1. What is the residue count in segment 247-285 for residues that are out of contact with any His (no Cβ under 9 Å at 6 or more places or on another chain) and either in contact (Cβ under 8 Å) with a residue 12 or more places away in the chain or crowded, with 17+ Cβ neighbours inside 10 Å (or both)?
2. Take the residues of segment 15-35 that are without any contact (Cβ under 8 Å) to a residue 60 or more places away in the chain and part of a loop (DSSP other than H, G, I, E, B): which is surrounded by the fewest Cβ atoms within 10 Å (Cβ to Cβ)?
3. Which of the numbered conditions does V38 fail, given that it passes all the others? Conditions: (1) under 22 Å from G277 (Cβ atoms); (2) part of a loop (DSSP other than H, G, I, E, B).
4. Just for helices (runs of 4 or more DSSP H) wholly inside segment 190-238: which have at least 3 residues that are under 28 Å from R125 (Cα atoms)?
5. Select from segment 75-97 the residues that are polar (S, T, N, Q) and not in a helix (DSSP H, G or I) and write down the one among them that is modelled with the lowest pLDDT.
6. If you scan segment 220-245, which residues turn out to be of a type in the set (A, V, I, L, M, F, W, C) and within 16 Å of the chain's Cα centre (by Cα)?
7. Could you list, in sequence order, the residues of segment 201-238 that are more than 29 Å from S136 (Cβ to Cβ) and aromatic (F, W, Y)?
8. Suppose we keep only residues that are in a helix (DSSP H, G or I) and among the polar types (S, T, N, Q) within segment 98-131. Which one would you say is nearest to D292 (Cα to Cα)?
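The values are calculated or read from the model by the stated rules, or taken from the named source; none is laboratory data. Small disclaimer: the values here were computed from a predicted structure and weren't measured. Here the Cβ is made from the backbone with ideal geometry for all residues, glycine too, and neighbour counts use every protein chain on show.
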Amino acid sequence: MTKTPTPVRTPLPEALDAPRHTLVTRAGERLAWYGDSVGSGRPLVLVHSVNAAPSSFEVKPLFDHYRGQRPVYSLELPGFGHSERPVGPYSAERFTAALVDFLDQVVKQPADVVALSLSSEFAARAALKVAGRIASLALISPTGFGARQPFGPAVGKPLHWLLTLPGLGAAAFALVSSRRSINYYLGQSFVGKAPAAVLDYAYATSHQPGARHAPLMFLSMQLFTRDAPARLYALLPADLPVLAIADRDPYVTFEKLPGFVALHPNWQYETLAPHLGLPQWERLPELVAALDRFWAGAPTAS
């Protein structure tokens, strides 16, 4: 009987056209990061989002724009991209520790941090731990400002247990990481047509060994901070400049954001409408202008 050959996994391409390095964290975890130190001035650190198929490719337009102008870095969080993808456990604390170690061991000086979606919470947590390492925070479609609360442990833990049952977790992730699902769900984050390169890379990174472990924890909602405005964002130092950029997003809402910003003078808010959570791909000139104004200490345009 002829045996069916085992499918050969295609190696994951580089997300960015820049040197890729490896950081071993204090916990012994191997993380990948890209960097370009040709420019001068304050370093810029980019942090991708957390979902079924994130990577440094998400921040490619920003990385490509700022490289050569200033030192720019992109960290790949545990469980994603070229970083180590162990079974777990995954938690907000683990992702925060990864960012803290990166700032301490690689960047080594105050940096402007740009984070996407749920990673905004990890960046805020990191700022609370190592305030001197973060000079400013720019949060694109930050989570935590919606009217609805994420699941608590009473729901999240049983849901994660269910998602990781033998066979069920693999089947569930195979469904959400299928070409059709990625094209549909990622396509919802674009006002126009999603670039083929974005869809292709998302598919590639979600089909690497261990790709399902971190996303399944994400799907159980246990990585989110309940009542994040009060328990997280409001605790940031009053002298830390924070810019929130949010228009509409198919997966995140921002009902509480305007009121929160009004009560915190160190926060600014721009919509850059229209976009659906990824303005770096569809409104890059407007996003760059907003970031440059923010870093220059100028008021927002909105």
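1. Within segment 247-285, residues that are out of contact with any His (no Cβ under 9 Å at 6 or more places or on another chain) and either in contact (Cβ under 8 Å) with a residue 12 or more places away in the chain or crowded, with 17+ Cβ neighbours inside 10 Å (or both) number 26.
2. In this case the residue turns out to be G28.
3. For V38, the failing item is (1).
4. Working: elements: 196-205, 213-219, 228-231.
So the answer is 213-219, 228-231.
5. Only one residue fits best here, namely S91.
6. As a first pass, look at segment 220-245 and keep what is of a type in the set (A, V, I, L, M, F, W, C): 221, 223-224, 228, 230, 232, 234-236, 238, 240, 242-245.
Hits for segment 220-245 are M221, L223, F224, L243, A244, I245.
7. Y203
8. Of all residues in segment 98-131, those in a helix (DSSP H, G or I) come to 98-107, 119-129, 131.
Right, trim to among the polar types (S, T, N, Q) and you get 105, 119-120.
Values: Q105: 26, S119: 21, S120: 19 Å.
Ranking the qualifying residues of segment 98-131, first place goes to S120.
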